[in-house]
Structures are given as C-alpha cells and as structure tokens.
Amino acid sequence: MSFSKVYSAQTYLLDAHIVTIEVDITKGTLYNFSIVGLPDKAVEEAKDRVSAAIKNSGFTSPKSTNQKIIVSLAPAGMKKEGANFDLGIALGYLLASEEILFDPEHKLFLGELSLDGTLRPITGVLPLVIEARERGFKEVYVPDLNAYEAALIDGITIFPVHSFTDIITHFKKETDKESIAPHPKTFIEKNIIKPLIDFADIREQANAKRGLTIAAAGGHNIALFGPAGTGKTMLAKAFAGILPPLSYEEVLEVTSIHSVAGALREGLISAPPFRSPHHTASHVSLVGGGTYPKPGEITLAHRGVLFLDEFPEFDRRVIDSLREPLEEQTVSISRAKGSARFPADFILIAALNPPSETSDLHDEIAERRFSRKVSKPIVDRIDMWIEVPKIDYDALGEKRVGKSESDTVRKLVCNARTRQTKRFGKPRLNSRMSTRGIEAHIKLDSQTRTLLNTAAKNLDLSPRAYHRVLKLARTIADIENSDNVQQNHISEALAYRPKMFS
C-alpha cells in the first residue's frame, strides 16, 4: 500500500470544514515531499515538523528515504491555513508506508506537532468537533490541552493525545486509550465564574443601578456620564453579574467564536463575555478584518457586553462602525480576498466624562465637541443616558450589609426576560423587536399615546428613537410585571433620552 486517506479539519471565518488528507508515496525516486491544495506557509512547513516528529517517535524519517511523497489536502479549491493538519499528515504517511495499520474511517485527527512529537494545542476545536459530529464521524483525536473544550459536545468520542507516540501505541493496540467525556451541562455549571464586583459594593448611584437593571432585562444599550472617579467603570463591571447565565446552546456558540479567534483563555465561556477595548483600539481590532477576515472585539462581545470607556476618545471611524451591529446585531467585513458577516449581538455600555468639573453634557461647547466624535445616529441607537454624579463622602465609609444585591437584581432581570420569552414564543429581548413586533406587542391607550407623541415633538425624536422609547417602556413594564405599557413607563423611558441634539 502506497496510498492512504485520513481526515482532519480547519475553520474558515467562523465556519468549520472537513479536510481530506491523501498521501501518495512513490518509491525508488529521488526524495521529494510536497503538499498541494492551496496550503499557506504554516501548512507548507508541516513537512519539516512531521518529518522530525516521525523520526523522534522511533520511525524512519521521510527525508532519509528515496521516495516521492505527495500530500493532497482536499477540497483543493479551499485555502488551507494553520497547523491543524500535522497529526493527520504524519499518520497518513505512516499508513501509506505501511509502518502502521489502522482503519481511518469515521476518525478525525487534529493537532500541531512539535519536533519531538508532542502535540501543541490549536484554535477552533469546538466548531470542528461540532462539524465532525454532523458529518457522521465517531472519534476525534485532539491535543490533550484541547480535550475538555472538545468534550463539551455530546454524541462523539473524544481522545486526548499527548504525543505522536501516544496515538501510535493506541492504534497498535498496545494500550487502550481512554476517551474523555464529562457531561457538558455539568461541566458548564462547574465552570461558571462569579463577577468580582457586586452591586452592593457600589455606594449610592441608585439611578445608575436602576438603568443598568433595565438595560440587562431588555438588552438595551446604555451610556453612563459623569465626573471622573464616580464609579462608571465599576458599575459596568458589576453589570456582568446581573446578566442571566448563557444557555447550553449559547455557551457553544460563544465558546466557538472565541476558540476560532484564538481568544479562549479558559476551557469554555459559560457567562456572558465582557469585552473592554482601550480607546486607542484600531478600527480593525474592534470590527474585525485582516487579509482573511477575522472577528474583532464586537464579535467577541456577542451574547455579552461591549464596554467602551472614554467613549468620545475612540476614533470617529470606530464609533461610526457601531451603527450596523447596534441595529442589525451583525457586522459585515469586505476584503479583497473575501468577505464575512459575523454575529454581534451585544449590549453596549459607553462611559464618558464631562469636559471639565464645572460642565456637563448639556453645555453648548461640550455638545459641539461631543457631536464631532459621536454622530446623532449613534446617539439614537443608545437607549439610555444615565448621569453618575459625585457621591457623599460619608457614604464611602459605610460598611456593606446584607446579601448580594446583584443576586437579587439578577432574579428581577431573569423574571423580565421570562416574560419576554413567553410574549415572543422564543428567547428574544424587547430591544430586538421589529416595527411589526412593536405594533403587535405594545398597545397604548389614548392618554399614554398622547403623552408619548407630545414628548416626541418637544424632544424632536427621530422615528428610530421613538421606537426605542417604546421598546424601553415595554421592558420597564416587564420589570414591574405589568401586562400593559402605562404612562409612568413611558415617562421613565423618555427621561433616559439625551437632552443633547434636542
């Protein structure tokens, strides 16, 4: 046998693709080792990594023989990137050269080989395992450091591999390699990380806490403004603690995104992600991009929170790039070598300081400076503008008493979200309602409608802002367990609109 076929996989954008590795060996010719199928530099260099790993694992190095080796990665028309294929290429070579024998069908091999034969972890394992299961594979062999991530998926057997020798002894039946299969949901529950900041740790600021509660309940975007040091950043970090935990499906979705992006630091992401890029962050780092489009901070915040501190200090282009994701919950990226559409369903928390200790956002000069960086369409897309004022010094010395305030607020948020799920017939937040949804689910009596229309004229609200007031009022009503949106709900929603641009 001088031919073999094994299977590996790679991610392109956020999608997983199965790759067939075909190895053909022609003996009696001068040594030649080539990889075809649109490989990038990392894939091209696999022949050197594989040769050294094979030699250091006790087999004859391909470089010491007179033979022509062709490795084909199919489908040939898809660009191959990264070191995912090292393990598959090495096994395919030994199988074609008849140095080992095993049945490669329904088996997927993932991993980068070190020169000594040990396996290095790779990115994007979770979506690759999901795709393998959907395509009918029964076993997946991954580096041991990726094993717990891979084991989140039911219905497929995961084998952690420490070294090339490790997997060879398994196929030679010299040892029975144990698979790893922790129950996914139990594994998720054990890995939920509680936020370090509780609402009870923040003194006073009842108005800001109220606003954040509403934002969490309905998925509304919020801006916090006030003097430096009043707790805006602390409030934003505490916000993560009042969000409901991710569902099992959401955990897989979010963890897959972070895994593909190489941003996965823990075994999985079981709580809504909290992303806080610096105000010097570039447009590409926030939105995503590159020669081959990769997700940015906006996509990494999917199902979670995007916190932009010093909001007006971000580049104008970066701020304007928020228009599409804040409206459509997706972000589109187009490049010469490809285009992509990434998910971007997050809650925006913007924080900003007034220009000086004696001015606020209502000053004419401050408004002009602000409008040069933050356009009216962006202002319209932020549902709530909450002032975070200075607090009394006496309150700073008060000791925290009682149980966690965040736990209490989270129950309130979960209850409001349950009402929304029943209303829409599926998990969906009020802030994501369409115009038809507003007509179907928000009924106002004549007096309440008159109040809204009069205020809209006085504030010169755009149609977008008008609809956002309605959706915000619907969330306030849900928090108060009210079936109908009443005048007090509309009044509170209107109070959160910015006074600038009016």
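All of the numbers you see were taken from the coordinates with simple rules; none came from a lab. None of these values were measured; they are calculated from a predicted model. Heads up, the Cβs are rebuilt from the backbone with ideal geometry, glycines too, and the neighbour counts pull from every protein chain shown.
For the stretch 23-109, the share of DSSP beta bridges that are antiparallel, to the nearest 5, is 45%.
Restricting attention to the chain, close to 50% of DSSP beta bridges with both partner residues there are antiparallel. Rank 269, 388, 424 by how far each Cα sits towards the positive end of the charge dipole of the chain (+1 on Lys, Arg Cβ; -1 on Asp, Glu Cβ) and give me just the farthest. Of the candidates, 424 comes out farthest on the positive side. Taking other C-beta atoms within 10 angstrom as a stand-in for reagent exposure, 328, 204, 149 fall in the order 328, 204, 149, fewest first. Work through the residues other than residue 20 whose Cβ is under 15 Å from its Cβ and net out their charges, Lys, Arg +1 and Asp, Glu -1. It works out to a net charge of 0. In a reduced charge model with +1 at each Lys and Arg Cβ and -1 at each Asp and Glu Cβ, the stretch 246-313 shows a dipole moment near 200 debye about its Cα centre.
Using Cβ point charges alone (K and R +1, D and E -1), the dipole size of the chain about the Cα centre works out to roughly 1080 debye. Taking the charge dipole of the chain about its Cα centre, with +1 at Lys and Arg Cβ atoms and -1 at Asp and Glu Cβ atoms, the residue from 343, 95, 285 reaching farthest to the positive side is 343. Other residues within the sphere of radius under 12 Å centred on the Cβ of residue 411, judged by their own Cβ, net out at +1 (K and R +1, D and E -1).
For the residue pairs 232/426; 411/443; 403/443; 376/443; 80/173; 376/471, the C-alpha atoms sit more than 30 angstrom apart in 232/426; 403/443; 80/173. Between the listed residues 240, 375, 304, the Cα displaced farthest toward the positive end of the dipole of the stretch 199-420, a dipole computed from Cβ unit charges relative to the Cα centre, is found at 304. Taking label points 7 Å from Cα along the Cα-to-Cβ direction, residue 172 and residue 61 give a separation of 2.1 nm. Taking every alpha-carbon pair under 8 Å whose residues sit at least 6 apart, the chain reaches a relative contact order of 13 percent. Using the Kirkwood radius over C-alpha pairs as Rh, can you work out the diffusion coefficient of the chain via Stokes-Einstein at 20 °C, viscosity 1.002 mPa s, in µm² per second? Taking Rh from Cα pairs, D becomes 84 µm²/s.
Net length available on complete extension from residue 285 to residue 418 is 44.4 nm, with 0.36 nm assigned per residue and the Cα-Cα distance removed. Extending 7 Å from the Cα toward the beta-carbon at both residue 371 and residue 201 defines two label points whose distance is 4.0 nm. Please state the shape class of the stretch 199-420: rounded when a/c is under 1.5, otherwise prolate if a/b exceeds b/c and oblate if not, all from the C-alpha gyration tensor. Oblate, because a/c is 1.5 or more while a/b does not exceed b/c.
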